[in-house]
Amino acid sequence: MSRSAHPAGPRHADVLPEGHYSAPPADLNALDAKVWAQTVGRDDDGVVTVGGLDVKTLAERFGTPAYFVDEADFRARARAWRSAFGADADVFYAGKAFLSRAVVRWLHEEGLNLDVCSGGELATALAGGMPAERIAFHGNNKSTEEITRAIESGVGRIVLDSFQEIVRVAHIAESLGRRQRVQIRVTVGVEAHTHEFIATAHEDQKFGVPLAGGQAAEAVRRALRLDGLELVGIHSHIGSQIFDMSGFEVAAHRVVGLLRDIRDEHGVELPEIDLGGGLGIAYTGDDDPREPHEIAKALGEIVSRECEAARLRTPRISVEPGRAIVGPTAFTLYEVGTIKPLDGLRTYVSVDGGMSDNIRTALYDAEYSVALASRASDAEPMLSRVVGKHCESGDIVVRDAFLPADLAPGDLIAVPATGAYCRSMASNYNHVLRPPVVAVSDGEARVIVRRETEEDLLRLDVG
Ligand code: LLP
């Protein structure tokens, strides 16, 4: 069912019917490999383990709530994307999904590039040691200061998002004596989320320059005229948590159409095409994401076919997966607090975190699964709703799930597939402290983002 939930915008947040849970699973202790990180399993005592360490030990050491990232899994997924796309293409990890210096180092070591969309993400990328030429700078409203810093640090490309920005970036580059490599982000009139995509004449949203009405062609005309810019390609991003490749097909068709028009008008064949990110992951066992090699093959074929038809040299393709790399690699570990059975309805299981560490359920009606992690249980399944500790009834982490009926305060439960857009969208609502991110690998655990403290909160509050 999670495929009908819109992961990237509240305007679709009403699509899920009430009570959209499926039947209880045959085995409540089973850990579906689709949603759990690769090294996750249960030890002989039934305790969940990751990277060779059990969650009881991890909770004692690092506290709860906490996000645990399976480093080997992250690296394997990054490598799989890299090798699927090969030497003739580039994979830019989308830092918005989750970014820290350790992650930047892993990406660098695995040969990926990095997409950032704010000064803060750029600072983290550089501090983590990503070479500037492997960074792409995005955003629909980059500040003069951000643009200046991006150009000064030597980012490989800036993705231009508006007519104003074309002039602004050109001006800043020229004043710094630089010629900045840029792409223009176009709105192709395709919006894709999960299994549906909508292709319309134009899109009613803030990103990019519409292809419609010749606007993108005009943007290209202007960019080609400016000395401060080296226009290297066209960028398109059509949505997030997408399973269906047909939206990419329409996008590629339209982007290649623009490349053909540019060649016909200016005699220039732009060498790059970026098809953005958005590839979906499994949040529950019902989701069936594609493997990177299938995606690379499908995208490569689409672009080659379109270019052949337009008699263009096939440009270098790049993609920007965020969720598909980091999403499945982490789970959030919570301690169970109060448990409230509501007769005839469900049991409310409160945990020590909530919408401050995972806003996706409240914001997008996203679906998650959950498992009792500190032990196995033979008890009957109990229809549960996992809720947080915030002062808000919409503070739901897992809307509908089955947990064992003998669940008790003090048990640890884990929510898988929380690697993307959970820590990166975490807040301090109710002055709840943001959890740490702990990387686990080969029997070693290391904090990569530490837990926030009350001191951190009070440091910002200048009294
Ligand atoms: N490239 C661009 C230009 C993007 O805007 C995005 C995501 C990505 C790449 C990466 O998309 P991904 O592969 O991670 O789907 N907060 C929402 C998702 C927002 C995505 C925004 N842009 C969520 O939690 O579902």
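The values are calculated or read from the model by the stated rules, or taken from the named source; none is laboratory data. The structure presented is a predicted model; accordingly, all values stated were derived computationally and were not measured. A quick note on method: Cβ atoms are made from the backbone with ideal geometry, for glycine too, and the neighbour counts reach across all protein chains shown. Just the protein is used for accessible areas: all its heavy atoms, side chains included, with ligands, DNA and RNA removed. Shrake-Rupley method; radii C 1.70, N 1.55, O 1.52, S 1.80 Å.
Counting heavy atoms of the protein chains alone, ASP88 has an accessible area of about 120 Å² for a 1.4 Å probe. Each of TYR421, TYR93 has its accessible area taken with a 1.4 Å probe; listed largest first, they run TYR421, TYR93. In this calculation the C-beta distance from ARG221 to LYS297 is compared with R0 = 45 Å, giving a FRET efficiency of 0.85.
How charged is the neighbourhood of VAL69? Take every other residue with its Cβ under 12 Å from the Cβ of VAL69, and add Lys/Arg as +1 and Asp/Glu as -1.
Details: positive: ARG75, ARG77, ARG423, ARG446; negative: ASP70, GLU71, ASP73.
Net charge around VAL69: +1.
Full extension of the segment from ASN430 to SER175, taken as 0.36 nm per residue of separation minus the current Cα-Cα distance, would add 87.3 nm.
Distance between the pseudo-spin-label points of GLN38 and ARG446 (7 Å out from Cα toward the beta carbon): 1.8 nm. Beta bridges assigned by DSSP with both partners in region 165-245 are antiparallel in approximately 25 percent of cases.
Scoring 315-327, 283-295 by mean Cβ neighbours within 10 Å over their residues and listing the highest first yields 315-327, 283-295. Please give every one of the lysines within straight-line cross-link reach of LYS142, meaning a C-alpha to C-alpha distance under 20 Å, and leave out same-chain neighbours fewer than 8 residues apart. Here the lysines satisfying the reach criterion relative to LYS142 are LYS96, LYS206. Counting charges near HIS266 (Lys, Arg +1; Asp, Glu -1) among other residues having Cβ under 11 Å from its Cβ returns a value of -1. Would you mind counting up the charge near THR187? Only other residues with Cβ under 12 Å from its Cβ, with Lys and Arg at +1 and Asp and Glu at -1. Charge balance in the 12 Å sphere: -1. The alpha carbon convex hull volume per residue for the chain rounds to 146 Å³.
Looking at region 138-321, what % of its DSSP beta bridges pair antiparallel, to the nearest 5? Just about 15 percent of them are antiparallel.
Pairwise Cα distances in region 138-321 exceed 25 Å in 35 percent of cases. If you average the sequence gap of Cα pairs under 8 Å that are 6 or more apart and divide by the length of region 43-162, what percent do you get for the contact order? It comes to 17 percent, rounded to a whole number.
Under 26 Å of direct C-alpha separation, and excluding same-chain neighbours fewer than eight residues apart, LYS56 reaches these lysines: LYS34, LYS340, LYS389. DSSP bridge analysis restricted to the chain gives an antiparallel fraction near 45%, rounded to the nearest 5. Roughly how many percent of the accessible protein surface of region 138-321 is carbon and sulfur, given a 1.4 Å probe and a whole-percent answer? The nonpolar share, carbon plus sulfur, comes to 46 percent.
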